[in-house]
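To keep things clear, I will list the structure first and then write my remarks on it.
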Amino acid sequence: MTDRARQLAQNLCARLVEQGAVRVDCAILQPAELLLDLYGEDIRARAYVTQDPERGELMLRPDFTLPVVQMHMAGAVEPARYCYAGEVFRRQEADPTRASEYQQVGFELFDRTDPARADAEVFALFAELLAPYALDAVTGDIGILTAAVQGLATSEARKAALMRHIWRPRRFRALLDRFAGRSPVPPSRAALLAQSDPLADVETVIGLRGEDEIAARIAALRADAAEPPLSEDQLAQIDALLDIRETCPFALERLRDIAVDLPSLMPAVRRFEARCDALAARGVAVDRLAFEASYGRTSMEYYDGFVFGFLSGGRPDLPPVATGGRYDALTRRLGRGAEIPAVGAVIRPGLLPQTEEQA
């Protein structure tokens, strides 16, 4: 980590303060229980975990958003704008060439008055901060895909399974194919479901699950096997949605067309249209702004609406220089009954000098 990255981080954070943000800080060691509760054991592959005799399992801070949300939901005034700068830590087992410790600068906005205007404020602010660099902006909307899943003619259990894996594109596709009958039932599962009482001859249960849990799981598998397959029309609608890669106006037209056959999309499409209007009012060239319906599906799993990123077209080997999005559901999870619409974004200042070389 270079001194220049630290200086860029401080400069960017100072500019965010000038825009009305309150600077905050968060402890480097964060309770692991919260992240594990939100994302399951998968988060262990991306974070550094340690043990404390008094505090239990802890993680080196993988980002700032969760602790900032916790702080705000503890009773801060609204609306609120926060900024921060400091190190974050991510394990990079899949790509050891990427940095495991780097500077992060971020901004979080909590405002329930006008979500579209808040989305536009955060995007336009980061576009202005990053204007001196050779970066390409791309936007997406996780809320559109979740609305499509909720509109499928299938069981609530299948919808819940798809929702859990929206951020894992391969697993999501595998589930779609299985629910459509495109992939065969594993032989072991078929043999299990063929038995009238799979636990009848079991004398000893080995493992963490009790007999009641095993029986409930078998019942769920049988209920799923009895479900009719997803229709080819429904799969085609999801595929058409995920294939959208257009500028915002053309993406809006395509989404309206898909919503004719998948009306559950319409509220999300209207939110997209309102956001486009709010972005244009902020001076963003919406006619040239890229929209990809699949964008953001491999980022942090708390994003549930508008998402965006700034990438270096001249350095495709670099990770996104900045990312952001809306995370309303996270405030519900952490608010213990309270909630507030929220949107934020982060910059990796250590990558900026590398993009300057391409400018």
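The values are calculated or read from the model by the stated rules, or taken from the named source; none is laboratory data. All values reported here derive from a predicted model rather than from experimental measurement. Every residue, glycine as well, gets a Cβ built from its backbone with ideal geometry; the counts of neighbours run over all protein chains shown. Side chains included, ligands, DNA and RNA excluded: accessible areas come from the protein's heavy atoms. Shrake-Rupley method; radii C 1.70, N 1.55, O 1.52, S 1.80 Å.
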Along Cα→Cβ, 7 Å out, is where each label goes; now give me the distance between the ones at ASP233 and ALA219 in nm to one decimal. 3.4 nm
Mind giving me the FRET efficiency for ASP177 and ASP3? R0 is 56 Å, r the Cβ-Cβ distance, nearest 0.05 is fine. 0.65
Residue span ILE28 to ASP52: 0.36 nm per residue of separation minus Cα-Cα distance leaves a gain in nm of 7.3 nm
Kirkwood-based Rg/Rh on the Cα set of the chain evaluates to 1.00
Mind checking the full-extension length gain between ALA99 and ARG245? Use 0.36 nm per residue of separation minus the Cα-Cα distance, one decimal, nm. 49.6 nm
Residues whose placed amide H lies under 5 Å from that of ALA47, excluding near-sequence neighbours: ARG91
Springs between alpha-carbon pairs under 10 angstrom, Gaussian network model over the chain: which of THR97, THR323, THR65 fluctuates most? THR97
Please report how far the C-alpha centroid of region 166-186 lies from that of region 1-79, rounded to the nearest whole angstrom. 34 Å
Rounded accessible area per residue of the chain, 1.4 Å, Å²: 50 Å²
Rounded to the nearest 500, the 222 nm mean residue ellipticity computed for the chain from DSSP H runs (n ≥ 4, each -39500 (n - 2.57)) alone is -13000 deg cm²/dmol
Report in % the part of the accessible area of the chain that belongs to carbon and sulfur, leaving out ligands and nucleic acids; probe 1.4 Å. 51 percent
Can you give the FRET efficiency to the nearest 0.05 for ARG112 and ALA74, using r as the Cβ-Cβ distance and R₀ = 22 Å? 0.80
ALA14/GLU128 FRET efficiency (R0 22 Å; Cβ-Cβ; nearest 0.05): 0.95
Kirkwood-based Rg/Rh on the Cα set of region 248-341 evaluates to 1.00
Quick query: amide H of GLU292 versus all other amide H atoms, modeled in the peptide plane; which residues come in under 5 Å with a sequence gap of 5 or more or a different chain? THR139, GLY140
Using the membrane-span-like helix rule (whole DSSP H runs, Cα extent along the own axis of at least 18 Å, mean Kyte-Doolittle hydropathy at least 0.0), which helices of the chain qualify? 115-129, 211-226, 248-261, 266-281
Cut-off 20 Å, label point 7 angstrom out along Cα-to-Cβ of THR298: give me the residues of region 313-349 whose amide nitrogen falls inside. 313-326, 346-348
